[in-house]
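Notes follow once the structure below has been shown.
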Amino acid sequence: MAPLTSLTNSCDHQKRRSFLRSFDLWKMMMVSVLLFFLLTTLCQGLAQVIRLNSSHELYAKLQSGEIDALVDVRRRDEWELGHIAGAYFVESLGSYTAAVADASPTNRTMNTSAVSSSSSGGGSPDDLRGCEYCTLALYCASGVRAQSAIAVLSQYGFEGILYNGLGVVNWVQAGYPLVNDTSNSSPPPPCTTNETVSNQCQQEWKQQQQNTVKQGNHQNSAAIPAPLALLWLRPSGTTVICITFWAISTTMMFL
């Protein structure tokens, strides 16, 4: 009887261990799912970055008034040789490397300068303060530096739509003119000087976020959860960062 009892106890013990392992696995899976949804929700607050397909698309958006500010992020000598009419010059914004900690909201005031400048000789996100929730289009010579400038603004807390408007090379090839204004007298965008405009951008951004969530709930209720759908619509860099962090966290839980 003793061996049979011992065998029975051993089987019960193995069953309990198997159950506990299954229960722990279930808990870890639930935590992983919750973590993923938390990350997708947090990622919704990041800027929506869109690379335009052509200068024709940029021109159409400028004409329709969809873009609140057109920003030239090239060097000053490039700006003086020719730029898109109505653009605001923020010199070499993509090269800005100051600490994000310096961007506390208490230090932000409306911009009153016509052309941006900084102590280092280049522009900074401060030159666009007030436009954090507005729709901006950035351009350079080909779109590379514009993408770097967009990354700077995203890191600095800009949450509105940020268009990569490509470059003046694409603009000229598409048949659109440049203006040669060496006086640098292009006026700053209203969102940098007018608090009413800045607040309007923020209200429109909030409304857009709410509409996106509602649309996601309706269109993806039977297929993809809304937070996941929103993450999928985010810029590829943001998507990769969020999913990578989630994957690493999940892997560490299962180890």
| task | Provide a single number: the residues in the stretch 79-113 that are assigned to a helix (DSSP H, G or I), at pLDDT 90 or above and touching a Phe, Trp or Tyr at 6+ places or on another chain (Cβ under 7 Å). | result | 1
| request: Would you point out the residue of the stretch 76-101, among those that are open to solvent by 30 Å² or more (accessible area, probe 1.4 Å) and in contact with a Ser or Thr (Cβ under 6 Å, 6 or more places away or on another chain), that is farthest from Val197 (Cα to Cα)? | output: Glu80
| query | Is it the case that some residue within the stretch 129-147 is among the acidic types (Asp, Glu) and open to solvent by 30 Å² or more (accessible area, probe 1.4 Å)? | reply | no
| note | The residue that is modelled with the highest pLDDT, considering only those in the stretch 175-200 that are among the small types (Gly, Ala, Ser) and open to solvent by less than 30 Å² (accessible area, probe 1.4 Å), is Ser198
| request: Look through the stretch 49-75, keep the residues that are charged (D, E, K, R) and without any contact (Cβ under 8 Å) to a residue 60 or more places away in the chain, and return whichever of them is least open to solvent (accessible area, probe 1.4 Å). | output: Glu57
| request: Please go through the stretch 126-179 and pick out each residue that is touching a strand residue (DSSP E or B) at 6+ places or on another chain (Cβ under 6 Å) and among the hydroxyl-bearing types (Ser, Thr, Tyr). | output: Thr135, Tyr139, Ser142, Tyr163
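The values are calculated or read from the model by the stated rules, or taken from the named source; none is laboratory data. The shown structure was predicted, so the numbers you read here are calculated from the model rather than taken from an experiment. Every residue, glycine among them, receives a Cβ derived from its backbone with ideal geometry; neighbour counts consider all protein chains shown. Just so you know, the surface numbers come from the protein's heavy atoms only, side chains and all, with ligands and any DNA or RNA stripped out. Shrake-Rupley method; radii C 1.70, N 1.55, O 1.52, S 1.80 Å.
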